[in-house]
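**Student:** Just passing along the structure, written as structure tokens.
The values are calculated or read from the model by the stated rules, or taken from the named source; none is laboratory data. Note that the structure is a prediction, hence the values are computed from the model and not measured. For neighbour counting, all protein chains shown are included, and Cβ atoms are generated from backbone atoms with ideal geometry for every residue, glycine included. In case anyone asks, the SASA skips ligands and DNA or RNA and just uses the protein heavy atoms, side chains included. Shrake-Rupley method; radii C 1.70, N 1.55, O 1.52, S 1.80 Å.
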Amino acid sequence: MASSSVVSELIWHFAGYLKLPPADPFLVKVMLEGGGGQAVSVPYYEGQSHTPGLGDPGELPAINTPLPWLVPAEPYDWHLSPIHRFPLLPNHPDAQFSLALPHALPLQVPAVGSDASGGGDFIISVTYQSGADQELIDVRQVNLMIDNNQVNAPADLVLMNNEHADHLISWMVHEAQDAVPSDLDLVAANTSQLKAFVDDHDSHPLLTQGDEAPNAVQLGQYVNGVLVTDGSDPHQVTNDLFNTIVDAANSAFAGPPELVHGDHSDQSIDHVSVGSNITANDAVLVNNEGLSISLAVLGNYYQTNAIIQTNVFKGIDHFTGDGSTSIDANTIQNIADFQNEGPTLVSGGSGVAVSGLSWTVDVLNGDLLQIHSLIQTNYLSNNNVIFQTSSTGESDVIAGGNTLLNTAQFENLTANYDLIIVEGSYHQANLIYQQNVLLDFNNIDFNGMGLASQSATGGGNSIVNDATINATGNHDYQSFTDDAMSLIQALQSEAGTVDPNTVLSAFPSLFGDIHILIVKGDYYDINYLSQTNVISNSNAVQLSGSPTAPDGATQSVSTGHNITVNSATIVDGGSIESPYLQGNYYNDMILIQTNIIGGNEKIAGQDPGVLAPELVAFTSALDSPDQSHQPTPVVTPSDPQHHDGVATILH
């Protein structure tokens with residue numbers, strides 16, 4: 001979306017909300033003949049969570065052109081929800097839920113070669129059918145807004161301010177792109193690109209792991225490259241930000257602020273606000289399609305979990321004159337959380353198995369693709385040039401306060417199979433890419449003309465990436481036993497019955513009416529979230545006093561206090577019990593956290609709080625700015641034509 005406004009259009013709010021819920025009931029309990037039941041309890045991040053990366057300059061408009069593509073359409077539905085549901089969002093929960101598989105484990109099993117009563121042969125019959133659907137989900141949410149405001153502003157200064165912001169934001173976007181290693185560059189990838197990346201990544205696993213060794217980590221929580229060991233909750237800062245965002249959104253949609261009562265004829269109050277912009281992305285992807293009691297892989301198992309986070313921040317406040325200033329500290333954080341909270345089997349009931357069981361087997365010829373891709377992008381240009389003269393009464397110019405918000409949920413809570421057999425290799429990849437680019441550049445001129453007490457506040461920006469990957473599967477692999485291989489071969493040859501003794505030996509937890517999937521090729525389980533926020537907030541504000549202003553006249557400017565936040569959670573189900581694996585297990589856990597602050601400071605794996613919160617320059621009304629350290633929009637533009645603040649990105 002794109003729009004342009006002047007002072008009469010002060011605040012814009014965009015919100016996109018997407019939910020892909022499960023088609024099945026939230027909790028399903030299946031009872032076997034003879035009683036007994038078994039549920040699977042797995043950690044779950046509540047659907048209401050905390051609430052694409054940019055390509056090369058010139059490619060941004062193309063991001064907004066494709067419509068969301070969902071293949072196949074069933075069993076998922078699109079749900080668009082209004083803003084009033086957002087109060088449910090601030091939540092980085094640790095709730096548990098029970099998910100019952102279509103399977104029940106009797107506490108008593110029949111004796112070998114007999115039914116439960118001791119007579120006759122115990123039979124397990126097997127039927128076969130084609131099954132398993134491909135899942136290619138590619139969703140993109142984009143908010144694009146241009147809201148460059150001007151009040152009593154000289155045309156040449158407006159052009160200069162936009163030219164200056166254009167130069168800086170273009171450099172910052174390229175810095176964010178360059179922070180991602182080329183071999184891991186998947187920002188704004190589609191489903192075909194994701195599969196190609198996984199194929200290439202898994203084709204030479206030892207070489208790949210060697211190249212990625214400098215960025216390898218273990219399970220745990222990391223903030224700006226440092227492992228959290230003090231028991232604190234690193235996600236709390238994100239929860240607090242989303243509380244602030246929800247309050248701002250609800251306040252905005254409640255309507256414009258009430259008019260100030262009274263004529264204030266004996267006062268002179270001027271206030272200009274050019275900051276407090278918000279861009280936020282919030283996504284939850286829960287995929288339990290691969291959740292099963294047991295897994296058997298005849299090839300290799302490749303697992304890649306990667307979180308790549310980048311913050312690029314340039315915050316400079318340049319004050320001229322004798323006004324008072326207050327600069328708040330900025331919050332700049334990358335938060336990454338790698339988990340492997342495996343689900344557990346819980347037996348229920350005390351039933352006895354009947355004399356025969358019926359198994360069903362879905363057979364898929366070829367590869368099984370389950371690739372989920374969600375890309376969220378917010379781009380906001382809010383470059384303002386405001387010239388304000390003190391006058392009798394009260395004046396409030398709000399040229400900031402914009403809000404862009406994307407939220408999305410994809411929840412597949414259905415575990416369809418008790419046993420999954422993959423004749424090829426298993427490729428599991430959970431990938432989260434997050435980028436924040438924030439320019440907060442302010443030139444405030446207190447020219448001291450006339451009577452007025454002048455002040456300005458700035459800083460206080462929040463630039464946060466927060467990502468969690470919870471791969472719930474069991475990765476304690478075991479070699480195939482003779483019984484396990486014998487059973488697999490019987491199912492591969494589509495035998496009408498299988499030997500109960502073999503089943504009890506190889507898969508004792510599967511002794512029930514179970515559902516099996518056989519994948520003749522490779523299994524691709526790929527979950528991908530990419531989130532990008534870009535804010536260009538370059539402001540030139542001049543406060544001029546008036547000789548006729550009454551005593552006690554005040555003029556104030558609020559800058560900074562912008563928020564860019566990305567929150568992403570992936571929960572990916574796997575085998576509950578130790579899987580059988582004939583090949584090798586390759587595991588990559590990659591973390592890259594980068595903060596680029598100011599002109600040349602790149603902070604990776606360090607606390608940016610050690611840096612000054614803002615670069616601030618003070619000059620008197622008679623001094624000229626230090627151009628070598630504080631570039632300001634006071635140079636003659638090289639291009640006399642109109643140039644908006646994001647031209648090199650949009651054109």
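**Student:** What share of all Cα pairs of segment 355-397, in percent, falls into each consecutive 10 Å distance bin?
**Tutor:** Here the calculated profile for segment 355-397 is 12, 18, 14, 12, 10, 9, 9, 10, 5, 1.
**Student:** Under 12 Å from the Cβ of residue 240, count the other residues' Cβ atoms, weight Lys and Arg +1, Asp and Glu -1, and hand me the total.
**Tutor:** That sum, taken over residues with Cβ under 12 Å, equals -3.
**Student:** In terms of modelled amide H atoms, which long-range or inter-chain residues lie less than 5 Å from the amide H of residue 594?
**Tutor:** Amide H to amide H, under 5 Å and 5 or more residues apart or across chains, residue 594 pairs with 309, 310, 311.
**Student:** Oh, and also: Would you mind working out the accessible area per residue for segment 379-431, using a 1.4 Å probe, and quoting it in Å²?
**Tutor:** 16 Å²
**Student:** Would you kindly derive the ³J(HN,Hα) couplings of segment 162-167 from the backbone phi angles with the Karplus curve 6.51 cos²θ - 1.76 cosθ + 1.60 (θ = phi - 60°), listing them in order in whole Hz, with x for Gly and Pro?
**Tutor:** 5, 4, 5, 5, 4, 4
**Student:** Whole-Hz ³J(HN,Hα) for each residue in segment 369-374, computed from phi via Karplus 6.51 cos²θ - 1.76 cosθ + 1.60 with θ = phi - 60°, x for glycine and proline: what do you get?
**Tutor:** Running phi through 6.51 cos²θ - 1.76 cosθ + 1.60 with θ = phi - 60° gives 9, 10, 10, 10, 10, 10 Hz.
**Student:** Determine the shape class of segment 181-247: with a ≥ b ≥ c the square roots of the Cα gyration tensor eigenvalues, call it rounded for a/c under 1.5, and otherwise prolate if a/b is greater than b/c, oblate otherwise.
**Tutor:** Cα axes put segment 181-247 in the oblate bin.
**Student:** Next question, about the same structure. Bin by bin, in steps of 10 Å, what percent of the Cα pairs in segment 122-278 do you find, going until the bin that has the longest distance?
**Tutor:** Histogram of Cα-Cα distances, whole percents per bin: 6, 15, 23, 24, 16, 9, 4, 2, 1, 0.
**Student:** Hey, rough spin-label estimate for residue 247 and residue 171, points 7 angstrom out along Cα→Cβ, what's it come to in nanometres?
**Tutor:** About 3.6 nm, to one decimal.
**Student:** Given a cut-off of 22 Å, what percent of all Cα-Cα pairs of segment 360-482 lie beyond it?
**Tutor:** Tail of P(r) above 22 Å: 66 percent of Cα pairs.
**Student:** Non-local amide H neighbours of residue 453 (under 5 Å, H modeled in plane, Pro and chain starts lacking H): which ones?
**Tutor:** Correct list: 553, 554, 555.
**Student:** Return, ordered by residue number, the residues of segment 285-312 whose backbone nitrogen is under 20 Å from a label point located 7 Å along Cα→Cβ of residue 479.
**Tutor:** 295-302
**Student:** Using alpha carbon centroids, what distance separates segment 485-560 and segment 127-166, in Å?
**Tutor:** Distance between centres, Cα-based: 21 Å.
**Student:** Related question: Roll a 1.4 Å probe over the protein chains and send me the accessible area per residue for segment 456-562 in Å².
**Tutor:** 27 Å²
**Student:** Another one. What are the ³J(HN,Hα) couplings of segment 421-435, residue after residue, when phi is run through the Karplus curve with 6.51, -1.76, 1.60 and θ = phi - 60°? Round to Hz, x for glycine and proline.
**Tutor:** Here the 3J(HN,Hα) series is 10, 10, 6, x, 10, 10, 10, 10, 9, 10, 10, 10, 10, 9, 9 Hz.
**Student:** Would you kindly state how much longer the chain becomes between residue 204 and residue 192 on full extension, computed as 0.36 nm times their sequence separation minus their alpha carbon distance, in nm to one decimal?
**Tutor:** The residue 204-residue 192 span can extend by a further 2.4 nm.
**Student:** Give the carbon-plus-sulfur fraction of the accessible surface of segment 141-183 in %, rounded to a whole number; probe 1.4 Å, heavy atoms of protein chains only.
**Tutor:** 54 percent
**Student:** May I ask you to derive the FRET efficiency for residue 182 and residue 501 from their Cβ-Cβ distance with R0 = 35 Å, giving the value to the nearest 0.05?
**Tutor:** In this case the efficiency is close to 0.05.
**Student:** Regarding segment 532-598, what's the average projected area of the Cα-atom convex hull, expressed in nm²?
**Tutor:** 10.2 nm²
**Student:** Also, I was wondering about something else. Using modelled amide H (1.01 Å from N, peptide plane; none on Pro or chain starts), what sits under 5 Å from the amide H of residue 300, excluding residues fewer than 5 places away?
**Tutor:** Those qualifying (amide H under 5 Å, at least 5 residues apart or on another chain) are 425, 426, 584.
**Student:** Starting from the Kirkwood Rh over alpha-carbon pairs, what translational D in µm² s⁻¹ does segment 419-460 have by Stokes-Einstein at 4 °C and 1.567 mPa s?
**Tutor:** 74 µm²/s
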